[in-house]
Amino acid sequence: FSPDGKYLVSRSDDTAYVWEAETGQEVARMTYNDYVTSVAFSPDGRVLASISVDETVRLWNVSSKVELAVLEGPERDSHGISFSPDGRLLVSGGADGTVWLWGVEQL
């Protein structure tokens, strides 16, 4: 769920879906080149991050449904993603113990 409870996100194969929680209506669909492994809302709910085995992290503006950035580098085994409590950092972790950290405060 988004922090305000308005949206919820799910993932399936190569796509992350954003749903309006109250109505169950799909409001956005973000497509990758490969399997999406994890998704996370920023603390303010404005940005959705998703990570895929295509070795990218994508950041999306939730309200406009516009892709803000593509971050490359995480290994194919990256399975988790999360924002810091202040929303300035994004972290992903992989099965091999590698942790990737990005500054995303400018988005």
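Taking amide H positions as modeled 1.01 Å from N, with prolines and chain starts lacking one, the residues under 5 Å from residue 37 and 5 or more places away or on another chain are 51, 52, 53.
Please go through the stretch 45-107 and write out the trypsin sites (Lys or Arg not before Pro) that DSSP classes as loop and that have at most 13 other C-beta atoms within 10 Å. Spell out each step's value before the answer.
Details: sites: 46, 58, 65, 76, 88; in loops: 46, 65, 76, 88.
Sites meeting the loop and neighbour criteria: 65.
Converting phi to 3J(HN,Hα) with the Karplus coefficients 6.51, -1.76 and 1.60 and the offset θ = phi - 60°, the stretch 78-87 yields 6, 10, x, 8, 7, 8, 5, x, 8, x Hz in sequence order, with x at every glycine or proline. For the chain, the solvent-accessible area works out to 54 Å² per residue, with a probe of 1.4 Å and every protein chain left in place. For the chain, the dipole from Cβ point charges (+1 on Lys and Arg, -1 on Asp and Glu) about the Cα centre works out to 260 debye, to the nearest 20. Remark on residue 27: its backbone amide H falls under 5 Å from those of 18, 19, 20, a criterion applied only to residues 5 or more positions apart or on other chains, H modelled at 1.01 Å from N.
The values are calculated or read from the model by the stated rules, or taken from the named source; none is laboratory data. Remember, it's a predicted structure, so these values are computed and weren't measured experimentally. Cβ coordinates were reconstructed from backbone atoms using ideal geometry, including for glycine residues, and neighbour counts include every protein chain displayed. Note: areas computed on protein heavy atoms with side chains; ligands, DNA, RNA excluded. Shrake-Rupley method; radii C 1.70, N 1.55, O 1.52, S 1.80 Å.
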